[in-house]
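Chemist: There's a structure below that I have some questions on.
The values are calculated or read from the model by the stated rules, or taken from the named source; none is laboratory data. Since the model is a prediction, treat every value here as computed from it, not as a measurement. Cβ coordinates were reconstructed from backbone atoms using ideal geometry, including for glycine residues, and neighbour counts include every protein chain displayed.
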Amino acid sequence: MGNRRIKILNYRKEKQPGLLERLTEYAGSDAYPFHMPGHKRREITDGIPGGFPDPYGIDITEIDGFDNLHHAEGILKDAMDEAAAIYGTDRSWYLVNGSTCGILSAVFATTENGGKILTARNCHKAVYHAICLNRLEAEYLYPEEITEFGINGGIRAEDVRKALEKDAMHCAGNSGDVRGKITKIQAVLITSPTYEGVVSDIRAIADAAHEYGIPLIVDEAHGAHLEYADQCHSFPKSALEYGADIVIQSLHKTLPCFTQTAILHVKGKLVDQDRISRYLSMFQTSSPSYLFMAGMERCIRYMDGDGRNGMVRYEKRLERFMERMEGLQVLEVLDREICGKYRTVAGWDPSKIVVSTMCAEDFHGEELAETLRRKYHLEMEMTAPEYVIAMTSLMDTEEGFERLGTALREIDGALRHRTESGRKEKAASETPEGLESKLSHPVRRMLICEAMNADTERTALQDTVGKVSAEFVYLYPPGIPIIAPGEVFTDAIVEKIMAYKAAGLLVQGPADPDADVILTCQTPGLVHKGC
């Protein structure tokens, strides 16, 4: 037996069981998924005899009669046209590579190589990748801070207007004539709702962008369910209803659809649909899964029918859960009161259950998530230093909400008895989130593409202060950069990264998997010709 075969056999022996076995075992456990995908490991009941077919039996390629996603003229075109009619858009495209390929395509379709984009700083890493690949200059919009929860609020419409006005003035030069409203900025991009459910004033932001003839792109990856909540009273409306030109939604996040499925919508005359199609052909696989596409069609049809009633039942389950949470004394659950407290929060998506530990004594987000996982077999979507997120959907059961509610009440009771008061006053400066004000406006020395193509050196994290990053550093999920290539490390940035690492959270981006060593630019401004 050759050394290679021995190595393979030893590897398999050490790594047993395999992924499929682990997944099967997990599916049979009582672990409850308060995380994506939105189907929650349950199949929708839509009248198909026997449910979803055997995947092997329907896994095909572009054979006669089944169309081609990249040149849809038949059954796939009909399916996407039906989706466009349901969503009220001019055109909708199936995405089999997630919202990521939709974001990349949207940015490339609306900007020129070497152009400029106005984007929210708290956007997903896919936005930054698009900025790098298209050699764009990025101007950032900084969200309001919701300090009592340590999360980002919304984007101010007046900040969008001011940035565009300033850019138009710069383009006008000495004449100061901005009547033509010509800007170097070619697109505005924001995330709404955010990972935590915060919705910005899309109408006002769209109006500001449209004054300059600029399209608004909304990353609505976490809001695919909003279109189907028209019979509900607590869910905000989709950005499609408020003037957004391009909206990208992850069907798999909050709807009963397979992981990796998403959809891109265009509405209005500011976006060239042919450019969207062209770039989707570049950024999507040339072998799209018919399982995914069939699942998308089935999901959208279900949601447009029984799913709308399902959203009403889901809303009632959420309301009953929130009523149970009113008795918490140490833990705190985010609710719609933030809409009145913070002027940038135009709406709140109740599907995101954000549980704060900021008032708990020596008990943080990681401990809460671990307790929920270990003791109650409840798996959260995301863990931060001072909160956890339970992502819910209409596929969540009453039992699931009961289990989470009971667990949080029991944990809250235990925390109350830890000390005499059981509760401490919120002090943002004691938490990594308290550093946000110092992190809001990192100094940029180079464009992202310049920094990523510069000569680099390996620098210990603690020694990076004053150096220019050549890498992204972000907490994943949600994938929002703490620092981007081309920006200067400060004491506050280094402190935040180290605090995240100390809390046991997953810091990603650097080539070093432990993020102990960061690639920094040797000579800022001296770059390779490739950028």
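Chemist: Select from the stretch 377-416 the residues that are more than 25 Å from ALA502 (Cα to Cα), small (Gly, Ala, Ser) and in contact with a strand residue (DSSP E or B) (Cβ under 9 Å, 6 or more places away or on another chain) and list them in ascending order.
Modeler: Those that are more than 25 Å from ALA502 (Cα to Cα), small (Gly, Ala, Ser) and in contact with a strand residue (DSSP E or B) (Cβ under 9 Å, 6 or more places away or on another chain): GLY400, ALA407.
Yes or no, residue by residue, for (1) modelled with pLDDT under 95; (2) β-branched (Val, Ile, Thr); (3) outside any helix (DSSP H, G or I):
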| position | (1), (2), (3) |
| --- | --- |
| ARG278 | no, no, no |
| SER281 | no, no, no |
| THR285 | no, yes, yes |
| PRO288 | no, no, yes |
| LEU291 | no, no, no |
| CYS299 | no, no, no |
| MET311 | no, no, no |
| GLU323 | no, no, no |
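Chemist: Identify the residue in the stretch 325-337 that is in a loop (DSSP other than H, G, I, E, B) and aliphatic (A, V, I, L, M) and, among all such residues, is surrounded by the fewest Cβ atoms within 10 Å (Cβ to Cβ). Let's see the steps before the verdict.
Modeler: Here is the first cut: in the stretch 325-337, the residues in a loop (DSSP other than H, G, I, E, B) are 326-331, 334-337.
Next, from what is left, pick out any that are aliphatic (A, V, I, L, M): 328, 330-331, 334.
Values: LEU328: 20, VAL330: 24, LEU331: 24, LEU334: 24.
Only one residue fits best here, namely LEU328.
Chemist: Moving on to the next point. Only residues in the stretch 489-508 that are in contact (Cβ under 8 Å) with a residue 24 or more places away in the chain and assigned by TED's automatic domain parsing to the domain that holds THR459 count as the first member; pair them with residues that are part of a helix (DSSP H, G or I) and acidic (Asp, Glu), Cβ under 6 angstrom, at least 6 apart or cross-chain, and list the lot.
Modeler: ALA503/GLU366; GLY504/GLU366
Chemist: Okay, moving on. State the number of residues belonging to the stretch 154-172 that are buried (at least 24 other Cβ atoms within 10 Å of the Cβ) and either closer than 19 Å to PRO477 by Cβ or in contact with a Ser or Thr (Cβ under 6 Å, 6 or more places away or on another chain) (or both).
Modeler: At the first step, the residues of the stretch 154-172 found to be buried (at least 24 other Cβ atoms within 10 Å of the Cβ) are 154-155, 160.
Among the residues that remain, those that are also either closer than 19 Å to PRO477 by Cβ or in contact with a Ser or Thr (Cβ under 6 Å, 6 or more places away or on another chain) (or both) are: 154-155.
Going through the stretch 154-172 one residue at a time, the tally reaches 2.
Chemist: While we're here: Determine if the stretch 421-431 includes at least one residue that is modelled with pLDDT under 95, closer than 26 Å to ILE146 by Cβ and crowded, with 21+ Cβ neighbours inside 10 Å. Walk me through it before giving the result.
Modeler: Step one: of the stretch 421-431, the residues modelled with pLDDT under 95 are 421-431.
Okay, now just the ones that are also closer than 26 Å to ILE146 by Cβ, so 421-431.
After this cut, where a residue has to be crowded, with 21+ Cβ neighbours inside 10 Å as well, the list is 431.
Within the stretch 421-431, one or more residues are modelled with pLDDT under 95, closer than 26 Å to ILE146 by Cβ and crowded, with 21+ Cβ neighbours inside 10 Å.
Chemist: Okay, next question. Considering only the stretch 202-230, state which residues are part of a loop (DSSP other than H, G, I, E, B) and under 25 Å from PRO477 (Cβ atoms).
Modeler: Pass one, the stretch 202-230, residues part of a loop (DSSP other than H, G, I, E, B): 211-215, 220, 224-225, 229-230.
Listed by number, the residues that qualify are GLU220, ALA224, HIS225, ALA229.
Chemist: Somewhere in the stretch 45-54, is a residue surrounded by 10 or more Cβ atoms within 10 Å (Cβ to Cβ), within 18 Å of THR259 (Cα to Cα) and modelled with pLDDT of 95 or more?
Modeler: Taking every residue of the stretch 45-54 in turn, none turns out to be surrounded by 10 or more Cβ atoms within 10 Å (Cβ to Cβ), within 18 Å of THR259 (Cα to Cα) and modelled with pLDDT of 95 or more.
Chemist: Within the stretch 278-287, identify whether any single residue is among the aliphatic types (A, V, I, L, M), in contact (Cβ under 8 Å) with a residue 24 or more places away in the chain and surrounded by fewer than 21 Cβ atoms within 10 Å (Cβ to Cβ), and answer yes or no.
Modeler: So in the stretch 278-287, the residues among the aliphatic types (A, V, I, L, M) come out as 280, 282.
Those still in the list that are in contact (Cβ under 8 Å) with a residue 24 or more places away in the chain too: 280, 282.
Narrowing further to those that are surrounded by fewer than 21 Cβ atoms within 10 Å (Cβ to Cβ): 282.
The answer is yes, given that some residue of the stretch 278-287 is among the aliphatic types (A, V, I, L, M), in contact (Cβ under 8 Å) with a residue 24 or more places away in the chain and surrounded by fewer than 21 Cβ atoms within 10 Å (Cβ to Cβ).
Chemist: Quick one: which of ALA126, ALA84, ALA130 is of a type in the set (A, V, I, L, M) and out of contact with any Ser or Thr (no Cβ under 6 Å at 6 or more places or on another chain)? Steps first, answer last, please.
Modeler: Working: ALA126 fails: out of contact with any Ser or Thr (no Cβ under 6 Å at 6 or more places or on another chain); ALA84 fails: out of contact with any Ser or Thr (no Cβ under 6 Å at 6 or more places or on another chain).
Exactly one of ALA126, ALA84, ALA130 is of a type in the set (A, V, I, L, M) and out of contact with any Ser or Thr (no Cβ under 6 Å at 6 or more places or on another chain), namely ALA130.
Chemist: Among the residues of the stretch 1-40, how many are surrounded by 10 or more Cβ atoms within 10 Å (Cβ to Cβ) and within 30 Å of GLU402 (Cβ to Cβ)?
Modeler: Residues that pass the stated criteria total 15.
Chemist: Consider CYS132 carefully, then state whether it is farther than 29 Å from PRO256 by Cβ and touching a helix residue (DSSP H, G or I) at 6+ places or on another chain (Cβ under 7 Å).
Modeler: Values: farther than 29 Å from PRO256 by Cβ: yes; touching a helix residue (DSSP H, G or I) at 6+ places or on another chain (Cβ under 7 Å): yes.
Against the criterion (farther than 29 Å from PRO256 by Cβ and touching a helix residue (DSSP H, G or I) at 6+ places or on another chain (Cβ under 7 Å)), CYS132 qualifies.
Chemist: Determine, yes or no, whether ILE60 is surrounded by fewer than 16 Cβ atoms within 10 Å (Cβ to Cβ) and in contact with a helix residue (DSSP H, G or I) (Cβ under 6 Å, 6 or more places away or on another chain).
Modeler: On the way: surrounded by fewer than 16 Cβ atoms within 10 Å (Cβ to Cβ): yes; in contact with a helix residue (DSSP H, G or I) (Cβ under 6 Å, 6 or more places away or on another chain): yes.
Yes.
Chemist: If the requirement is being outside any strand (DSSP E or B), in contact with a helix residue (DSSP H, G or I) (Cβ under 6 Å, 6 or more places away or on another chain), surrounded by fewer than 17 Cβ atoms within 10 Å (Cβ to Cβ) and in contact (Cβ under 8 Å) with a residue 24 or more places away in the chain, which of these qualifies: ILE103, ILE86? Walk me through it before giving the result.
Modeler: Working: ILE103 fails: surrounded by fewer than 17 Cβ atoms within 10 Å (Cβ to Cβ).
Exactly one of ILE103, ILE86 is outside any strand (DSSP E or B), in contact with a helix residue (DSSP H, G or I) (Cβ under 6 Å, 6 or more places away or on another chain), surrounded by fewer than 17 Cβ atoms within 10 Å (Cβ to Cβ) and in contact (Cβ under 8 Å) with a residue 24 or more places away in the chain, namely ILE86.
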